[in-house]
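Notes for the one structure printed next.
The values are calculated or read from the model by the stated rules, or taken from the named source; none is laboratory data. All figures in this text were calculated on a predicted structure; none of them were measured in a lab. Positions of Cβ are backbone-derived with ideal geometry, glycine not excepted, and every protein chain shown enters the neighbour counts.
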Amino acid sequence: LTPTLRSRLQGCLVGAVSGDCLGAPYEICGVPPKDTFGSLTTFFEQIGTEIKEKDYFRYTDDTAMCRCIAESLIENKGNLNSEDLAKKFGIEYTHAPNRGYGANVISVLKAFNKDLDDVFEPARMQFKGSGSYGNGGAMRVAPVALCPEADFDKMIEAARQSALLTHSNFNGYCGTILQCCAVHLALHSDPATFDTDAFIDRLLEVMEKEEAPGSPAAKVSRPNNDSTAGGTQSGEYCRRLRLFKPLLEEDADIKKVAAELGNEISAHKSVPAAIYSFLRCRTPVEGISSSNALERTILYAISLDGDTDTIASMAGAIAGAFYGVEPISADWRTMCEGTDVAIRQADAIYDIH
Ligand code: 8NA
Ligand code: MG
Ligand code: MG
Ligand code: MG
């Protein structure tokens, strides 16, 4: 049963919102360590039963920025317009500054409300010129992957541009490219014939090109990038993608997955973990009772702990693009703030198709 394109576009954006909303409470307090999946399983079971209050789960910066990208792409018929997107980011931040934005990106968002000759300049100034490697570019990129794009390389450039508005560090925008490609591949994979190894190999192929010395990606980076802080050509993404097959093979414990792939606020220590969550949860996971692979993916991603909302949001976007919107329960849709807008935006992207 292959979901329709419309269902997959909706699934992607609603999956992203759900991961953000359900992961956000754990970003603050952490996942209780007592048993691996137990407390989250209880939490998920309470949604719609014990927990019924509408809009109980508020979305955060992840969704706020993702919506800006979707809206800008819709208005520009699927094309990325950096000036328009910068404007939308600035307006959104002014309108709702308390969505839990990253500590440093705020100054860039404020600058977008001024007249700028070069909208990329504020991001270049971040971290003494080395740029941000936070996961803020990756967490919001899904709509770029959903737009019709005949040319895969053009989509990669659009992902890069969308990231560079706030994240000029090599790892910041390369993580955005990786997440974009993962969503794109999931959207265009047939669940009936899905091949995990081929999926990993395709992502590796893209990242080997990006992380190769002398790649266009390397040229965008500032010369004073500090490689120890995650600067140019660190190979952070290829290294982690190469761990996927052995980790899947041995069915590694979730603590080991978090330790090896990362669960942090930096892009290189969160994007691989989100993609891995999707791949691991295509089949049952010991300790997670849910037979719904999309729910399982989001639960697993939150269980990695650390930057829970963002990892779950990125994993939810990939899983939703793959499984479609049908596995996302009505309870989730009413309990998570902003799923209605996600559906509307997905439909508008469908109309571009
Ligand atoms: P950002 O650009 O402010 O980066 C986030 C953080 O990463 C920065 O505040 C720094 O601590 C660190 N960082 C990034 N680049 C460098 C560098 N070159 N050198 C040293 N440190 C660096 O914002 P963003 O949009 O990337 O942030 C996205 C994250 O912020 C998401 O997780 C989102 O949910 C939100 N958020 C996360 C937390 C959390 O504690 N995990 C809390 C609040 C908000
Ligand atoms: Mg957030
Ligand atoms: Mg947050
Ligand atoms: Mg986060």
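Do we find that residue 107 is polar (S, T, N, Q) and touching a Leu at 6+ places or on another chain (Cβ under 9 Å) in this structure? No. Does at least one position in the range 106-122 carry a residue that is within 17 Å of residue 160 (Cβ to Cβ), within 16 Å of ligand 4 (Cβ to nearest atom) and at pLDDT 95 or above? Looking for residues that are within 17 Å of residue 160 (Cβ to Cβ), within 16 Å of ligand 4 (Cβ to nearest atom) and at pLDDT 95 or above, one finds none in the range 106-122, hence no. Residues in the range 295-324 that are surrounded by 24 or more Cβ atoms within 10 Å (Cβ to Cβ), more than 19 Å from residue 181 (Cα to Cα) and within 13 Å of ligand 1 (Cβ to nearest atom): 302, 304, 307, 308, 309. May I ask you to verify whether residue 140 is within 27 Å of residue 315 (Cβ to Cβ), surrounded by 24 or more Cβ atoms within 10 Å (Cβ to Cβ) and basic (Lys, Arg)? The answer is yes for residue 140.
Residue by residue, here is whether (1) among the polar types (S, T, N, Q); (2) surrounded by 13 or more Cβ atoms within 10 Å (Cβ to Cβ); (3) closer than 24 Å to residue 346 by Cβ; (4) at pLDDT 95 or above holds:
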residue: 54; (1), (2), (3), (4): no, no, yes, no
residue: 57; (1), (2), (3), (4): no, yes, yes, no
residue: 63; (1), (2), (3), (4): yes, yes, yes, yes
residue: 68; (1), (2), (3), (4): no, yes, yes, yes
residue: 72; (1), (2), (3), (4): yes, yes, yes, yes
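Looking at this structure, is residue 351 farther than 24 Å from residue 176 by Cβ, without any contact (Cβ under 8 Å) to a residue 60 or more places away in the chain and either away from ligand 3 (no atom under 16 Å from the Cβ) or of a type in the set (S, T, N, Q) (or both)? So residue 351 passes the test. If we scan the range 88-95, do we find a residue that is touching a Cys at 6+ places or on another chain (Cβ under 7 Å), without any contact (Cβ under 8 Å) to a residue 24 or more places away in the chain and surrounded by 14 or more Cβ atoms within 10 Å (Cβ to Cβ)? Among the residues of the range 88-95, at least one is touching a Cys at 6+ places or on another chain (Cβ under 7 Å), without any contact (Cβ under 8 Å) to a residue 24 or more places away in the chain and surrounded by 14 or more Cβ atoms within 10 Å (Cβ to Cβ), which makes the answer yes. For the range 1-35, filtered to residues that are acidic (Asp, Glu) and not in a loop (DSSP other than H, G, I, E, B), the residue that is modelled with the lowest pLDDT is 27. Looking only at residues that are within 9 Å of ligand 1 (Cβ to nearest atom) and part of a loop (DSSP other than H, G, I, E, B) in the range 107-134, which one is nearest to residue 272 (Cα to Cα)? Checked the range 107-134; the qualifying residue nearest to residue 272 (Cα to Cα) is 133. Across the range 294-325, what is the total count of residues that are in contact with a Cys (Cβ under 6 Å, 6 or more places away or on another chain) and away from ligand 2 (no atom under 14 Å from the Cβ)? Summing the residues that are in contact with a Cys (Cβ under 6 Å, 6 or more places away or on another chain) and away from ligand 2 (no atom under 14 Å from the Cβ) in the range 294-325 gives 5.
Just one of the listed residues (164, 146, 204) is within 18 Å of the chain's Cα centre (by Cα) and surrounded by fewer than 21 Cβ atoms within 10 Å (Cβ to Cβ), namely 204.
Regarding residue 48, is this residue in contact (Cβ under 8 Å) with a residue 40 or more places away in the chain and within 13 Å of ligand 4 (Cβ to nearest atom)? Considered against the rule, which asks whether it is in contact (Cβ under 8 Å) with a residue 40 or more places away in the chain and within 13 Å of ligand 4 (Cβ to nearest atom), residue 48 comes out as no. Number of residues in the range 268-284 that are under 14 Å from residue 297 (Cα atoms) and of a type in the set (Lys, Arg) equals 2.
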